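The block underneath contains the structure these notes are about, expressed in structure tokens.
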Amino acid sequence: MTNGNYKQIINEIDNQSDALWQLSTTIFNNPEIAFKEFKASKILSDTLRAHGYQVEEKIGGLDTAFRASLGNSDASKIAILAEYDALVGLGHACGHNLIATAAAGAAIGLASIITKIKGQVQVIGTPAEEGGGGKVILAEAGIFNDIDAALMFHPASKNMVTRKSLASCRLTLEYFGKASHAAAAPEEGLNALDALILSFNNINALRSTLLPRDRIAGIVVHGGEAANIIPAYTSAEFSVRALKAKRRDELVDRVIACAQAGAESVGCQMKYELSPGYMDIIPNRVLARIFQSHLEALGRVVVDPDPNERMGSTDMGDVSHLVPAIHPYLAIAPENIAGHTEEFKEYSISEAGKNAMLDAAKAMAMTTYDLLREPDLLREAKEELAIELELP
Ligand SMILES: [Zn+2]
């Protein structure tokens, strides 16, 4: 019986709430940065093993990634993703201790009813969200190839299920000129700093054409050696973001054209290197609707994202282009408290943080149960993603 299974999931997670909070506290008190999350991945793996999950460590060539599986591997597979990296110098000021624990909690809840459902539940431990893009690396290694849908939750200051994120990337520009004495023989030099300054000005001239969510931000990394030498080498780094990956790629092409023009106007050479960024999140509406209904049944009021909602970027975006996915937010702090601050960090270890973690665990578990019980939902979710990927 459906309601009975929801109840069993909720009871199991409530019964485990002290152990889950202990897990969250341990991760919080031992902050580990990107690709160094050894303690967190071990304690999560051990916990899931204790609840019957088969754990594969170091998947995708990443020492601190893991995959914990339970259920029938020949049927549909739902992945619940766990992030557990901390911020350099700030600890768990993004609340990833709550993300990891909610994933474990959802998995434990589902373990209590696994014999009643076809299908497989996976917890995928994904390192380095804050820098390094663990999910991008795991995606390239094929970890999401046979997954039918992916869920996670992120703490925030509002309950939102369909908030998007920006597609991002990094662009390094290098200019090669010719050094010369700036007083005795400036005419013999090729000024790589002029090339770089012209490039910045060209890029700034793009700004009147930018859409509200387009972002182009740059810094000078290397501006020259000394004021009495015509700079032979300079470099800059840019962050380019947009609401969609296609738009981001258009912007990158224009920034490169601006940089090329800057170099050409003073006779320098320009080289660029594009570092893969994150894709935008495509929040799957089929999954979001189910998740939201469970969240509301648990007593949370869900709000629509503000049209001017502030957005960052996350590697969950890449996953959402491969499989139907959601990256919902649950409030742990008042609306004026932003992530990546000391204040937000306090809330990541607060009673409100604990409640959000438990609600997220329950809603993710019940959503997973629904998806495995009703194959039509997964089919609809996949059809929606196919349509979204075709949109300009
Ligand atoms: Zn985060």
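Here are some notes:
- Cβ pairs under 9 Å, 6+ apart, first in the range 215-233 and closer than 16 Å to LYS178 by Cβ, second in a loop (DSSP other than H, G, I, E, B) and of a type in the set (Val, Ile, Thr): GLY224/ILE230
- Checking the range 348-370 against the condition returns a match, with at least one residue being farther than 22 Å from LYS158 by Cβ, open to solvent by less than 30 Å² (accessible area, probe 1.4 Å) and in contact with a strand residue (DSSP E or B) (Cβ under 7 Å, 6 or more places away or on another chain).
- ARG215 meets the conditions (1) open to solvent by less than 50 Å² (accessible area, probe 1.4 Å); (2) of a type outside the set (A, V, I, L, M, F, W, C); (3) modelled with pLDDT of 95 or more in every case but one. The failed one is (1).
- Residue that is surrounded by the most Cβ atoms within 10 Å (Cβ to Cβ) [pool: residues in the range 255-275 that are closer than 21 Å to SER313 by Cα and touching a helix residue (DSSP H, G or I) at 6+ places or on another chain (Cβ under 8 Å)]: VAL255
- Count of the range 155-165 residues which are in contact with a Leu (Cβ under 9 Å, 6 or more places away or on another chain) and either open to solvent by 20 Å² or more (accessible area, probe 1.4 Å) or more than 13 Å from the ligand (Cβ to nearest atom) (or both): 5
The rows are residues; the columns are (1) touching a helix residue (DSSP H, G or I) at 6+ places or on another chain (Cβ under 8 Å); (2) in contact (Cβ under 8 Å) with a residue 60 or more places away in the chain; (3) closer than 22 Å to ASN97 by Cα; (4) not in a helix (DSSP H, G or I).
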residue	(1), (2), (3), (4)
GLY277	yes, yes, no, yes
VAL302	yes, yes, no, yes
PRO307	no, no, no, yes
VAL319	yes, yes, yes, no
ALA338	yes, yes, yes, yes
LYS345	no, yes, yes, no
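- Criterion: within 16 Å of the ligand (Cβ to nearest atom) and at pLDDT 95 or above - qualifying residue of LEU70, LEU98: LEU98
- Test: residue in the range 108-129 that is within 14 Å of the ligand (Cβ to nearest atom), open to solvent by 10 Å² or more (accessible area, probe 1.4 Å) and either more than 26 Å from ALA361 (Cα to Cα) or not β-branched (Val, Ile, Thr) (or both): yes
- Counting only helices (runs of 4 or more DSSP H) wholly contained in the range 1-87, the ones carrying 3 or more residues that are buried (at least 18 other Cβ atoms within 10 Å of the Cβ), in contact (Cβ under 8 Å) with a residue 24 or more places away in the chain and more than 23 Å from the chain's Cα centre (by Cα) occupy 2-15.
- When the range 296-327 is limited to residues that are crowded, with 24+ Cβ neighbours inside 10 Å and away from the ligand (no atom under 13 Å from the Cβ), the one that is farthest from CYS94 (Cα to Cα) turns out to be PRO324.
- Applying a threshold of 8 Å to beta carbon distances and a minimum spacing of six or more residues, or different chains, the list of pairs starting in the range 90-106 at a residue that is touching a residue at least 60 places away in the same chain (Cβ under 8 Å) and open to solvent by 10 Å² or more (accessible area, probe 1.4 Å) and ending at one that is assigned to a helix (DSSP H, G or I) and within 11 Å of the ligand (Cβ to nearest atom) reads CYS94/PHE344.
The values are calculated or read from the model by the stated rules, or taken from the named source; none is laboratory data. In this text, all values refer to a predicted model and were calculated from it rather than measured experimentally. Because the Cβ atoms are built from the backbone with ideal geometry, glycine has one as well, and the counts that use them run over all protein chains shown. Remember, those area values only see protein heavy atoms, side chains included, never the ligands or the DNA or RNA. Shrake-Rupley method; radii C 1.70, N 1.55, O 1.52, S 1.80 Å.
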